[in-house]
1. Just to be sure I understand the filter: pairs with C-beta atoms under 6 Å, separated by 6 or more residues or on different chains, first member in segment 207-236 and near the ligand (Cβ under 7 Å from one of its atoms), second member among the small types (Gly, Ala, Ser). Which pairs pass?
2. Mind checking whether some residue in segment 230-239 is aliphatic (A, V, I, L, M) and under 30 Å from Arg69 (Cβ atoms)?
3. State all residues of segment 358-384 that are surrounded by 16 or more Cβ atoms within 10 Å (Cβ to Cβ), under 26 Å from the mean Cα position of the chain (by Cα) and not in a loop (DSSP other than H, G, I, E, B); if no residue qualifies, say none.
4. Does segment 401-421 hold any residues that are out of contact with any strand residue (DSSP E or B) (no Cβ under 8 Å at 6 or more places or on another chain), among the charged types (D, E, K, R) and exposed (fewer than 15 other Cβ atoms within 10 Å of the Cβ), and which are they?
5. Is segment 208-216 home to any residue that is within 21 Å of Thr474 (Cα to Cα), at pLDDT 95 or above and either in contact with a helix residue (DSSP H, G or I) (Cβ under 7 Å, 6 or more places away or on another chain) or surrounded by fewer than 20 Cβ atoms within 10 Å (Cβ to Cβ) (or both)?
6. Kindly evaluate Val430 against the criterion of being hydrophobic (A, V, I, L, M, F, W, C), surrounded by fewer than 20 Cβ atoms within 10 Å (Cβ to Cβ) and in contact (Cβ under 8 Å) with a residue 12 or more places away in the chain.
Amino acid sequence: MALTTIDNFINNEFVKPTEGAYFDTFNPAHGVPHAQIPDSTKPDVELAYKAASTAFPIWSKTPKAERARILYKIADLIDARQDEFVRAESKDQGKPVSLAKAIDIPRAAYNFRFFAGRILHSVEEGAELEGVGYNYTQRMPIGVAGLISPWNLPLYLLTWKIAPCIACGNTAICKPSEFTSLTAYMLCSVLKEAGLPAGVVNMVFGTGMKAGQALVEHPRIPLISFTGGTVTGAKIIANSAPHFKKLSLELGGKNANIIFADCDFEKALTTTLRSSFANQGEICLCGSRIFVERPIYERFLNALVEGTKKLKVGDPSAADTNLGALVSKEHWEKVKGYVDLGVEEGGKIECGGKKPASLQGEFQNGYFLEPTIISGLTPSCRVMREEIFGPVVTVYAFDTEEEVIQIANDSEYGLSCSIWTENGRRQRRVAGEIQAGTVWVNTWMSRDLRMPFGGMKKSGLGREGGEHSLDFYTELKTICLAD
Ligand code: NDP
């Protein structure tokens, strides 16, 4: 089958990479190449910078109402092409079509709608300084932003950056993940059709080592919004430090899912199946460390295993598929390596742990892994401490509230946590003690874009969402007018 060729998008035109090199990207469900990506380098980033910096003076002065109009139009066009985006996201990433349709693509459209509305309704601060004058604040767009996104929720997370960035009047150079560039490429046509002026959003495809690093090290790109792994985040801090860039880093997690004996059992169980295995466990917010209070441990574990065994793994386009393929062969090997490590560390595989035997035809070479539950590990084991980012969870029995808070917090990560209890006082007490940027009580993945989002410890730096995105994508200035 002919491979789709992806090109860079600079100044509203599709252009070939300056060095002419491309590499293959794979359809994870089939394990075969399906597209070619430009292997962009520093000169491509330089071309994108020229376009973005030329567009900045005009775009930053474009009235908010006009910027919002274009953002609403982008959202409408994504909606109009929803099926096409859904199929592409599934084919490129391996996720079930049903998930892309329910979550990824609607949220990509909503990101544009949300920030279009947000800039129209923002109010700045003002205060009279008695006898002296009047102070007020003004937000200034910053310039050309570098937006670097990962492969797990490709369009969802890329648009989470583009929408606030351009809504605030900045221009952007995006570097989507080398594993999942297809929907970003499709978005380029949407941006152009929506009337976004040339140079406001530029897309440079390729690897993190070349294109990503060139963005981070570019001396005239003053802000970088990055979502990805913690190790990469550390490199971005180091490489951008000489230029004092403004950074927003949304990084890895090893999230606790704490289930008290007084929980609503069925609700906790159903949601835990999702929070463990949605998107093949490739969501930074998945609750991969499950802690269950001892009185219900056996019952909960048995029910979880039973529910997990019923999940269907395979053809991402089948309506009843629960888990598709992992994103790449390398990632499959990494996740499987953790399953093997779990056994070496003394764990018991309660279910899963291998490639499903049922795969037929073109799916036999896909990167599928059964959803896996491991019990019997202690909190100091690597499998319980390191981010796996796949369909693998550990289950552990705890005895007291104090104990589970201590174990949940004994992690270098602090992204999110779910707590299941019907006791109102305990809800507030435990939520108050947990070290994580987001704590959900009796729910999971309920996201409100008006609220701050980000991680503590090695899960990130800074917050985005609502006002916090405006804080990141603008410089806030105080102006004092003397009486
Ligand atoms: P990576 O850190 O490997 O990559 C993320 C992006 O950074 C990719 O576009 C990658 O390029 C690029 N990159 C890699 N090296 C550099 C570099 N030196 N300089 C600049 N850019 C670079 O993460 P993954 O794509 O593997 O995504 C999974 C990770 O993302 C997990 O740890 C997950 O927890 C985290 N994540 C966090 C979220 C949050 O909100 N906190 C949300 C979603 C995911 P390339 O194309 O070559 O990969």
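1. Listed pairs, sorted by first residue: Leu215/Gly146; Val216/Ser240; Thr227/Ser149; Gly229/Gly252; Thr230/Gly252.
2. Within segment 230-239 (the criterion being aliphatic (A, V, I, L, M) and under 30 Å from Arg69 (Cβ atoms)), the answer is no, since none of the residues qualifies.
3. Result: Thr372, Ile373, Ile374, Val383, Met384.
4. Glu402, Glu403, Asp410
5. Quick first cut of segment 208-216, residues within 21 Å of Thr474 (Cα to Cα) only: 215-216.
Now restrict to residues that are at pLDDT 95 or above: 215-216.
Add one more test, that the residue is either in contact with a helix residue (DSSP H, G or I) (Cβ under 7 Å, 6 or more places away or on another chain) or surrounded by fewer than 20 Cβ atoms within 10 Å (Cβ to Cβ) (or both), and what stays is 215-216.
Yes, there is a match, as at least one residue in segment 208-216 is within 21 Å of Thr474 (Cα to Cα), at pLDDT 95 or above and either in contact with a helix residue (DSSP H, G or I) (Cβ under 7 Å, 6 or more places away or on another chain) or surrounded by fewer than 20 Cβ atoms within 10 Å (Cβ to Cβ) (or both).
6. So Val430 fails the test.
Yes or no, residue by residue, for (1) among the aliphatic types (A, V, I, L, M); (2) farther than 30 Å from Glu422 by Cα; (3) surrounded by 13 or more Cβ atoms within 10 Å (Cβ to Cβ):
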residue	(1), (2), (3)
Trp440	no, no, yes
Trp444	no, no, yes
Asp448	no, no, no
Phe453	no, no, yes
Gly462	no, yes, yes
His468	no, yes, yes
Tyr473	no, yes, yes
Thr478	no, yes, no
Ala482	yes, yes, no
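For (1) over 23 Å from Phe112 (Cα atoms); (2) more than 25 Å from the chain's Cα centre (by Cα), each residue gets a yes or a no:
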residue	(1), (2)
Phe398	yes, yes
Asp410	yes, no
Ser416	yes, no
Gly437	yes, no
Arg447	no, no
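The values are calculated or read from the model by the stated rules, or taken from the named source; none is laboratory data. Quick caveat, the model's predicted, so the values are computed rather than measured. Cβ coordinates were reconstructed from backbone atoms using ideal geometry, including for glycine residues, and neighbour counts include every protein chain displayed.
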